[in-house]
Amino acid sequence: MVKNGWMIVEMSRLLDTNDGQDHAIKNDVDLWSPPTRIIAAWGDHDTMSYHGQKKARGSVRLFAHYSNELTEMQVLLETLEEGSDGYFDFIEDEFAIPTEETYYHDSCRTFEELNIELPEGQSMITMIGAVPILDEETAEFVHHFTVHLRKDCSDESSLSRTMVYAWAPGDEGWALPNDIGFPVFDNVNNQAVHIQIHYDNPSLIAGAKDSSGLRFYYTHDERTHRAGILEVGDPWLLLNGESIDEGLTQYSFTCPGTCSSS
């Protein structure tokens, strides 16, 4: 249906189709879980082909129980502001987006560079949530963020870092349950925050400068349970020059106990 210049498409499906090609739609009412992501693509012809820039993305909290008068972001900010002792921003300062189709930009800041004020005698905080801060002028170029804690900004090892967040368009942010948090700056291995931003510039637009980033909310006190993220997939797995066969192919790797015994 086309109405007032908008094309409206309505569709329905089971929450769980029991089809391996479909994602089951899960209960997304809690703010620590992401809302349901929605993507769309379209074309001008009857035949299937690559959509190019004819695409859209967003998210909807399908099981939300709060009033429709409040947006997802308003509810999230209200929850975080009530439960936190403060926040710090990690934002780019007009980073010049390269005229490349895809580019990964790394940025790192230490505890001292973030200018976090702590009570006397305290040296750690507990991260309880985060929200994206997107530059409206360049939001279309921001593909995703990943956030890790590191020993310092000179540490580039992927084995010593700790992931605390990953963001993509459609994600309004997150707030952990009130008894869970990520301890930050509590030991020598997480004294810096590292953010990698993936920029997507398929049209090779020149001159774009981005000031996007994240706002992290924290408490001064540690919570009952420490949060953690399980990263599935080993970046050091290699096929060592072996070609990948056509069609569906499976490779199995093992890690004997001797690999981690030391």
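Which whole-number percentage describes the relative contact order of the chain, with Cα contacts under 8 Å and a sequence gap of 6 or more?
Once divided by the residue count of the chain, the mean separation gives 25 percent.
Lysines within cross-link reach of LYS209: Cα-Cα under 30 Å, excluding same-chain residues under 8 positions apart?
Cα-Cα hits under 30 Å: LYS54, LYS55, LYS151.
Per residue, how much accessible surface does region 142-237 expose to a 1.4 Å probe? Answer in Å², no decimals.
47 Å²
Roughly how many nanometres apart are two label points built 7 Å out from the Cα toward the Cβ at GLU112 and VAL232?
Inter-label distance under the simple model: 4.1 nm.
Which cross-chain or sequence-distant (5 or more) residues have an amide H under 5 Å from the amide H of LYS151, H modelled 1.01 Å from N in plane?
So LYS151 has HN proximity to GLN191.
Among THR219, THR126, THR249, which one shows the biggest mean-square fluctuation in a GNM of the chain, springs joining Cα atoms closer than 10 Å?
THR249
Looking only at region 196-236, which residues have a backbone nitrogen under 18 Å from a spot 7 Å from the Cα of CYS259 in the C-beta direction?
What the label zone holds, given the 18 Å backbone N cut-off, is 230-236.
Karplus couplings for region 168-176 from phi (6.51 cos²θ - 1.76 cosθ + 1.60, θ = phi - 60°), rounded to Hz, Gly and Pro as x?
Coupling constants for region 168-176: 9, x, x, 8, 7, x, 8, 9, 6 Hz.
Give me the distance in nm between label points sitting 7 Å out from Cα along the Cα-to-Cβ direction at LYS209 and GLU82, one decimal.
Each label point is offset 7 Å from its Cα along the Cβ direction, giving 4.0 nm.
Along the charge dipole of the chain, which of ALA208, VAL193, ASN4 sits closest to the positive end, that is, farthest toward it, with unit charges on the beta carbon of Lys, Arg, Asp and Glu (+1, +1, -1, -1)?
ASN4
When only DSSP loop residues count, what chymotrypsin sites (Phe, Trp or Tyr not before Pro) in region 170-262 have their Cβ near at most 14 other Cβ atoms within 10 Å?
TRP236, TYR251, PHE253
Roughly how big is region 104-176's charge dipole about its Cα centre, with Cβ charges of +1 (Lys, Arg) and -1 (Asp, Glu), in debye to the nearest 20?
400 debye
Given a 1.4 angstrom probe, I'd like the percentage of the accessible area of the chain that is carbon and sulfur, rounded to a whole number.
Ligands and nucleic acids excluded, carbon and sulfur give 51 percent.
What does the net charge come to around GLY181 if you take all other residues with beta carbon closer than 12 Å to its beta carbon, with K and R at +1 and D and E at -1?
Result for the neighbourhood of GLY181: -3.
Please name whichever of THR224, CYS153, VAL29 sits farthest to the positive end of the charge dipole of the chain, dipole taken about the Cα centre and charges placed at Cβ: Lys and Arg +1, Asp and Glu -1.
VAL29
Could you give each residue of region 188-193 its phi-based ³J(HN,Hα) in whole Hz, using Karplus coefficients 6.51, -1.76, 1.60 with θ = phi - 60°, and x for Gly or Pro?
Along region 188-193, the couplings run 5, 8, 9, 9, 8, 10 Hz.
Please return the longest range in the chain lying between exposed loop sites, taking GluC sites (Glu not before Pro), DSSP loop only, at most 16 other beta-carbon atoms within 10 Å, and leaving the sites out.
157-221
What nm distance separates the two modelled labels at SER243 and ASP152, each placed 7 Å from Cα along Cα→Cβ?
4.8 nm
Rank SER33, SER49, SER157 by mean-square fluctuation in a GNM of the chain with C-alpha springs under 10 angstrom and give only the top-ranked residue.
Of the options given, SER49 has the highest mean-square fluctuation.
For ALA208, which sequence-distant residues (separation of 5 or more, or a different chain) have an amide H within less than 5 Å of its own amide H, given hydrogens modelled in the peptide plane?
It is ILE97, by chain and number.
Evaluate the charge dipole of the chain about its Cα centre and quote only its size in Debye, nearest 20, assuming +1 on the Cβ of each Lys and Arg and -1 on the Cβ of each Asp and Glu.
The calculated dipole for the chain is roughly 560 debye.
The values are calculated or read from the model by the stated rules, or taken from the named source; none is laboratory data. Owing to the predicted nature of the structure, the values given are computational and were not obtained by experimental measurement. Reconstructed Cβ throughout: ideal geometry from the backbone, glycine too, with neighbour counts over all protein chains shown. Heads up: the accessible areas ignore ligands, DNA and RNA and are worked out on the full protein's heavy atoms, side chains in. Shrake-Rupley method; radii C 1.70, N 1.55, O 1.52, S 1.80 Å.
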